[in-house]
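Some notes on the structure that comes next.
The values are calculated or read from the model by the stated rules, or taken from the named source; none is laboratory data. Predicted, not measured: the structure shown is a model, and the values here were computed from it. With ideal geometry, Cβ positions are generated from the backbone for all residues, glycine too; neighbour counts draw on all protein chains shown. Keep in mind that these areas ignore ligands, DNA and RNA; they rest on the heavy atoms of the full protein, side chains included. Shrake-Rupley method; radii C 1.70, N 1.55, O 1.52, S 1.80 Å.
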Amino acid sequence: MDANHVNAITRAAKSIMVSHLGMSVEVNAPYVTASDIASEQISVILGVNGELEGQIICSMKEDTAKSIVGTMMGGMDIQHLDDMSWSAIQEFGNWIAGTTATELSKEATTIDVTPPVINEGASSFHASSSFITLPLTSQIGDLNVHVSVKKSKALK
Amino acid sequence: MSSVLIVDDAAFMRMMIKDILEKNGFEVAGEAANGEEAVTLYKEANPDLVTMDITMPDKDGLEALKEIKGIDPEAKVIMCSAMGQQSMVIEAIQMGAKDFIVKPFQSDRVLEAINKVMA
């Protein structure tokens, strides 16, 4: 994976948390995850295609998801995640992916992002490619962004 | 009171836009979750303004914009795009959209765009 692409995704995730949700966020050292990725209680999965192909998975604890949804709704206290909350979490994924697309376009790389899918329940993802995990720490909990993107085969 | 048709496939985004509009004295003429519903509701409700998401299932915002402009060349449509959709925004403006707002947006920016288009 190209370090520039990973950095672009890191900037995007941090920017959404800081600029749009008003969180103070610390980005910890990225690490390579084997092809088995542990998913927290809530994960948003986004597919990447275009000049790059792969996946971006944003994974968090349920309480963190509730805090994100509550903040997005203007400071509401979310007791449980209902249909409106799932829509908000999907939108959160779209914001990160959309900002990633903008960041990558600065590096002359064009990508499209598929609509977000949410996985509910702690589980594991298995993939044939390895992932880089970007761990973000904030006052509302950890957000792990798992990334696997490489140059699209069609363009090689 | 100006009436607005909200078009977005995400229930959350429709709720947020509705909230901003109602708090600022606009009437919500209807909500559509895709382009097909948007065109149908436009004919039924004849709103003063439409906020139109670009990426939607079945019929997207660009197709819906084209059809609405076909029905009513004077239709006032503001596009709502995600970041990284510049080419589609340009296409929408060329097709007659009045302005665009980029998600995630602040309520001030939404009102600024609406007030400018309604002026």
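A Förster radius of 22 Å, combined with the Cβ-Cβ distance separating residue B:74 from residue B:94, puts the computed FRET efficiency at roughly 0.80.
Short-range pairs are left out: with C-alpha atoms under 8 Å and at least six residues apart, the relative contact order of chain A is 41 percent.
Ignoring ligands, DNA and RNA and using a 1.4 Å probe, state the total buried accessible area between B and A in Å², rounded to the nearest 100.
On the way: alone 6060 and 7680 Å², together 12620 Å².
Summing both sides, the interface buries roughly 1100 Å².
Counting only DSSP beta bridges with both residues in the protein assembly as shown, tell me the antiparallel percent, nearest 5.
Given both bridge residues lie in the protein assembly as shown, the antiparallel proportion sits at roughly 70 percent.
Between region A:1-45 and region A:91-110, the alpha-carbon centres lie 13 Å apart. Karplus-based coupling profile of region B:104-119, in residue order and whole Hz: x, 10, 9, 4, 4, 5, 5, 5, 4, 5, 5, 4, 5, 5, 7, 5, with θ = phi - 60° in 6.51 cos²θ - 1.76 cosθ + 1.60 and x standing for Gly or Pro.
Each listed q (0.10, 0.16 Å⁻¹) maps to a log10 I(q)/I(0) for the protein assembly as shown from the Debye sum over equal C-alpha point scatterers, namely -0.53, -1.22. Annotation for region A:67-144: GluC sites (Glu not before Pro) lying in DSSP loop with at most 13 further Cβ atoms inside 10 Å of their Cβ are A:107.
Computed with a 1.4 Å probe over protein heavy atoms only, the accessible surface of chain B comes to 46 Å² per residue.
The 3J(HN,Hα) values that the Karplus relation (6.51, -1.76, 1.60; θ = phi - 60°) gives for region A:102-110 are, in residue order, 5, 4, 5, 5, 5, 9, 6, 10, 9 Hz. Gly and Pro appear as x. The lysine pair count for region A:3-155, using Cα distances under 20 Å and pairs eight or more places apart or on different chains, is 5. Between residue B:3 and residue A:24, the simple label model (points 7 Å from Cα in the Cβ direction) yields a spacing of 4.9 nm. Rg/Rh, computed from the Cα trace of chain A with Rh as the Kirkwood radius, has the value 0.95.
In debye, nearest 20, what is the charge dipole magnitude of the protein assembly as shown about its Cα centre with +1 on Lys and Arg Cβ and -1 on Asp and Glu Cβ, if you could check? For this selection, approximately 820 debye. Loop-located GluC sites (Glu not before Pro) in region B:12-73 (DSSP state other than H, G, I, E, B) with a sparse environment of at most 10 neighbouring Cβ atoms within 10 Å are absent.
Can you figure out the FRET efficiency of residue B:87 with residue A:130, using R₀ = 35 Å and their beta-carbon distance, to the nearest 0.05? Once the sixth-power term is evaluated, E becomes 0.60.
With the helix formula -39500 (n - 2.57) applied to DSSP H stretches of n ≥ 4, chain B reaches a computed 222 nm mean residue ellipticity of -14500 deg cm²/dmol. Positive-end ranking of B:30, B:46, A:126 along the dipole of the protein assembly as shown, with charges on Cβ about the Cα centre, is headed by A:126. Just checking the listed ones, A:127, A:12, A:65: in the Gaussian network model of chain A with Cα springs under 10 Å, the one fluctuating most is A:127.
To put it simply, the accessible area of chain B at a 1.4 Å probe is 48 percent carbon and sulfur.
Centre-to-centre separation between the Cα atoms of region B:1-34 and those of region B:56-83: 15 Å.
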